[in-house]
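Working notes, beginning with the structure itself.
The values are calculated or read from the model by the stated rules, or taken from the named source; none is laboratory data. The structure presented is a predicted model; accordingly, all values stated were derived computationally and were not measured. When we count neighbours, we look across all protein chains shown, and the Cβ atoms used for this are built from the backbone with ideal geometry, even at glycine. SASA here: full protein model, heavy atoms, side chains in, ligands and nucleic acids out. Shrake-Rupley method; radii C 1.70, N 1.55, O 1.52, S 1.80 Å.
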Amino acid sequence: MKTSVAIVGCGTVGTALATLLGKAGYSIVGISTRNPQRASEIAQSVGARQSSAAPWEFTRNAQWVFITTPDDVIKETCDLLTSKDAFCPRTVVIHCSGAHPSTILESARQCEAAILSVHPLQSFASAKQAIQLVPGSYFAMEGDPAAMPAARRLVTDLKGIGLEIKPGLKSLYHAAAVTASNYLVSLIDMSLEFDRLAGISPQTAFQALTPLIRGTLKNVEAQGIPEALTGPIARGDISTVSGHLTAIREHLPEFLPMFVSLGAHTVQLALDKGTISDEIAHKLQHILRSR
Ligand SMILES: NC(=O)c1ccc[n+]([C@@H]2O[C@H](COP(=O)([O-])OP(=O)(O)OC[C@H]3O[C@@H](n4cnc5c(N)ncnc54)[C@H](OP(=O)(O)O)[C@@H]3O)[C@@H](O)[C@H]2O)c1
């Protein structure tokens, strides 16, 4: 028997889920967004039986209900559905947020439904792109133990790779994703600012830094951490690090705290790699601290 699915909040992720699960043989019983015209268009394109701005009209017909609204309204959407008795016993209610635990759906338990969070560890700019990127992506899963088999089956049917995480530590998992993705962007921006003051235009700097960034990622992939670490801290080159700190303090002091914090962590990595002694590490930490 096909698993029946309802999608509440049908933007980038909701549309991709409806499309991919439809292709995988699931029965899409209903699609809901606040704009009924758009809900109807998406329902037609994925072969859903119903569309409505009032999801409680069809969620009781679904074994799995996805709440794929923006993060800020997942809880209130779930609470509204619970108040309308819109879940059956054993319905699995799922959200896809990386930032929030499954427990933001806990009101659904009043209907004896089970709750899950299943987060695709990807960045999707559009539904079309999400449909292409979901297969092969990792999905962080946590929630009611009784519903975990459903999470595993969902990820397998989406051709993804499951990652079971501890519910209480979801914020740390999400901080890891933010660091690897969003903060990488911020880090590259800091590099471009340094180059801009050094007289290199952002366009040229970006072109020049891109092969370096790609090379570093290849090294990390091939050798791991800390082996992939190179540069003045890994070499214990105290005068070079000191020169960086002087130049940044003079020209772009607002970046100094970030540069110093990253430097301090890099000293620890160089120690772990074994390329600097305890004495050099101590000296490096001292000049970083006395910025
Ligand atoms: N996009 C990504 O890269 C990505 C990656 C991983 C996980 N996620 C997660 O996936 C979930 C959905 O994200 P998304 O990027 O698909 O968001 P989205 O494109 O903004 O879509 C959100 C949908 O929710 C509907 N909606 C908005 N406000 C609503 C409300 N108050 N009540 C009911 N429906 C509402 C919107 O349509 P109407 O305005 O017509 O109602 C829209 O269909 C989020 O939890 C997000 O964290 C996203």
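Here are the numbers for the structure shown:
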quantity: Positions within segment 186-229 being within 25 Å of L163 (Cα to Cα) and either polar (S, T, N, Q) or open to solvent by 40 Å² or more (accessible area, probe 1.4 Å) (or both), in sequence order; calculated: L217, K218, N219, V220, E221, A222, Q223, I225
quantity: Residues located in segment 11-42, provided they are more than 16 Å from D157 (Cα to Cα), among the charged types (D, E, K, R) and either more than 7 Å from the ligand (Cβ to nearest atom) or part of a helix (DSSP H, G or I) (or both); calculated: R38, E41
quantity: Selected residue (criterion: nearest to L197 (Cα to Cα)) from residues of segment 239-280 that are among the hydroxyl-bearing types (S, T, Y) and either open to solvent by less than 30 Å² (accessible area, probe 1.4 Å) or free of Cβ contacts under 8 Å to residues at least 24 places away in the same chain (or both); calculated: T246
quantity: Looking only at segment 137-183, and only at residues there that are within 14 Å of the chain's Cα centre (by Cα), open to solvent by 40 Å² or more (accessible area, probe 1.4 Å) and touching a residue at least 60 places away in the same chain (Cβ under 8 Å), the one that is farthest from E112 (Cα to Cα); calculated: H174
quantity: Residue satisfying condition, being among the polar types (S, T, N, Q), part of a loop (DSSP other than H, G, I, E, B) and buried (at least 19 other Cβ atoms within 10 Å of the Cβ), within set S123, S107, S97, S117; calculated: S97
quantity: Residue check for S102: hydroxyl-bearing (S, T, Y), under 22 Å from the mean Cα position of the chain (by Cα) and near the ligand (Cβ under 9 Å from one of its atoms); calculated: no
quantity: Test: residue in segment 50-63 that is within 13 Å of the ligand (Cβ to nearest atom), within 26 Å of the chain's Cα centre (by Cα) and free of Cβ contacts under 8 Å to residues at least 60 places away in the same chain; calculated: no
quantity: Count of residues meeting criterion [closer than 20 Å to F87 by Cβ and among the small types (G, A, S)] in segment 9-62; calculated: 13
quantity: Residues that are more than 11 Å from the ligand (Cβ to nearest atom) and either in contact with a Pro (Cβ under 9 Å, 6 or more places away or on another chain) or within 20 Å of F124 (Cβ to Cβ) (or both), drawn from segment 65-83; calculated: V65
quantity: Selection within segment 70-87 - open to solvent by 30 Å² or more (accessible area, probe 1.4 Å) and either modelled with pLDDT under 95 or not in a helix (DSSP H, G or I) (or both); calculated: P70, K84, D85
